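First up is the structure itself, then whatever we jot down about it.
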Amino acid sequence: MKKSKFTHGISPQEKYNSFAVPYNEKAEQDAIWYALNGKHDTIFEYINNKTLFKNSLYAGIYEGIKTCIEKNEYPSPLSILRLGWDLSREYSKEASKIKQQPQPIDDLFTTCMVVIENEVARQVIYKCMETLDSVYNSVSNSITAAETLTNFSDEIGQSLNHISKLDFQDLKRNVIAEIKERVEGNAKVIKTNISELDLILGGFENGSFSVIAARPSMGKTAFLVQLMYNIAVIQNKKVLMFNLEMTKEELCKRFIALHTKFSNFELRQGFDRQMGKYDEMVRRVESLTTNNIYLIDNIFDGNQIFAKARQMVNNVGIELVFFDYIQLSSLKESGNREQEISKISRLCKQTAKQCKIPVIALSQLSRAVESRSGDKRPQMSDIRESGAIEQDADNVLFLYRPEYYEITMDENNESTFNLLEVIIAKARNGVLKTVKLHYERMYNEVTNWSNRGQINSKIIGNISDFESAPKVLGQNEIGF
């Protein structure tokens, strides 16, 4: 038989198994932990064969646990040792070490999925290399190779049928635990710190993807800066913002205006050369000492943006990601513009789920709003360039200022002066409602509507004691 030109006599599995295939040792170890700590039945349901483990030691422990169950013995390091089969002492010793470790961070289902996904990835690599090797040697093998890949795809699909359902009892326990956290006030939800909005929206849940959409001049960036300020400065949580529209210096000026209560106009005009005002601004801004805000303004490729986000979640402990705004990013080789935006939207959702943090993205609305008669309040169909955004998002919030359209009185004959409406058009776990907020345009402050008319001269946040955690920053990033 002719030797492969491609692998030079080495099988694809031999060539790639040792150094280039996906493998997550921690996930395999965590699966063994769950099996040794009372969850073996569920582990067997999802990880139904020892071949799913790449690590031969963990595969042996798995087989030992399975043998214990078959012999009506509770699986433990000691019972594995009592089986008396080859290498049982080595398996028992490693099993004992794993059993004594703390409970894994990832839940059981996530752990099993990581193990399974890595094995599927390895099998795909092996099969593709075998097929490539066959076609490389002879073009006449191409049709057979295509059929082989089709059959392989079907086999993989059938082999994954068993993981299509969650164990209901585990799911029920997880949901009850989550409800208890909410009752105790420890829920994994990040509030906006605008009480009238939080009352309706309930905050941003970990793993959720939210879209804030509006036409230009509605206050999108001001609203986003207020959320960042409330979350990073007041709640002391680490936030990351990809600002594709403004430079990080311009965005920093917005924070200074909001914190010091000096208008954007005064900052731009240099206080008309009044050093007294400048000195007062410097005095006030000294209390803006948070280390929780990270700004990146030089990455536009969607894949790079979310790769960077995942890196900073792991390295810095980012708890929420802002993205300003979706339509300014791009993807290489992604088809037409609508397909491109759809993929970026999906990346937002995947990043939120994988990192278990909220992702909040701004989006532009189409000009259809301007041509519409009436009050010109936005609708879901107005989101620019993609219906996928509204489909992927857990929450869709529209910002609307009647004043912009010279509407000075609302339906109840109340003044719309400095009124910002947050129209909750989609809320996967909340209520669809319009929340009235007060928007002080001079320094871009967004607060409760009940605050209107109040003069707020107090500087929020004497933040001198925030922890200064080490940062992982490149030369084009800024943290403050």
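The values are calculated or read from the model by the stated rules, or taken from the named source; none is laboratory data. Computed from a prediction, not measured in an experiment: that's the story for all the values here. Cβ coordinates were reconstructed from backbone atoms using ideal geometry, including for glycine residues, and neighbour counts include every protein chain displayed.
Just checking, which of Asp382, Asp392, Asp324 is within 28 Å of Asp106 (Cβ to Cβ), among the acidic types (Asp, Glu) and either in contact (Cβ under 8 Å) with a residue 24 or more places away in the chain or in contact with a helix residue (DSSP H, G or I) (Cβ under 6 Å, 6 or more places away or on another chain) (or both)? Before you say what the answer is, go through the steps one by one.
Values: Asp382 fails: within 28 Å of Asp106 (Cβ to Cβ); Asp324 fails: within 28 Å of Asp106 (Cβ to Cβ).
Answer to the check: Asp392.
Just give me the residues in the range 419-452 being part of a loop (DSSP other than H, G, I, E, B), more than 27 Å from the chain's Cα centre (by Cα) and surrounded by fewer than 18 Cβ atoms within 10 Å (Cβ to Cβ), in sequence order.
Result: Arg441, Met442, Arg452.
Within the range 121-136, is even one residue touching a Lys or Arg at 6+ places or on another chain (Cβ under 9 Å), assigned to a helix (DSSP H, G or I) and either within 20 Å of Phe44 (Cα to Cα) or β-branched (Val, Ile, Thr) (or both)?
Applying the first criterion (touching a Lys or Arg at 6+ places or on another chain (Cβ under 9 Å)) to the range 121-136 yields 122, 129, 133, 136.
Within this subset, residues satisfying the condition of being assigned to a helix (DSSP H, G or I) are 122, 129, 133, 136.
When the remaining residues are screened for being either within 20 Å of Phe44 (Cα to Cα) or β-branched (Val, Ile, Thr) (or both), the result is none.
Looking through the range 121-136, none of the residues is touching a Lys or Arg at 6+ places or on another chain (Cβ under 9 Å), assigned to a helix (DSSP H, G or I) and either within 20 Å of Phe44 (Cα to Cα) or β-branched (Val, Ile, Thr) (or both).
Working carefully through the options Ser92, Ser138, Ser96, find the one that is surrounded by 17 or more Cβ atoms within 10 Å (Cβ to Cβ), farther than 21 Å from Ser153 by Cβ and among the polar types (S, T, N, Q).
Among Ser92, Ser138, Ser96, only Ser92 is surrounded by 17 or more Cβ atoms within 10 Å (Cβ to Cβ), farther than 21 Å from Ser153 by Cβ and among the polar types (S, T, N, Q).
Yes/no per residue for (1) part of a helix (DSSP H, G or I); (2) modelled with pLDDT under 80; (3) surrounded by fewer than 18 Cβ atoms within 10 Å (Cβ to Cβ):
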site	(1), (2), (3)
Gly335	no, yes, yes
Ser342	yes, yes, no
Ser345	yes, no, no
Thr351	yes, no, no
Ser363	no, no, no
Arg377	no, no, yes
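Which one is farthest from Tyr34 (Cα to Cα) among residues in the range 87-103 that are at pLDDT 80 or above and either polar (S, T, N, Q) or touching a Phe, Trp or Tyr at 6+ places or on another chain (Cβ under 6 Å) (or both)?
Selected residue: Ser92.
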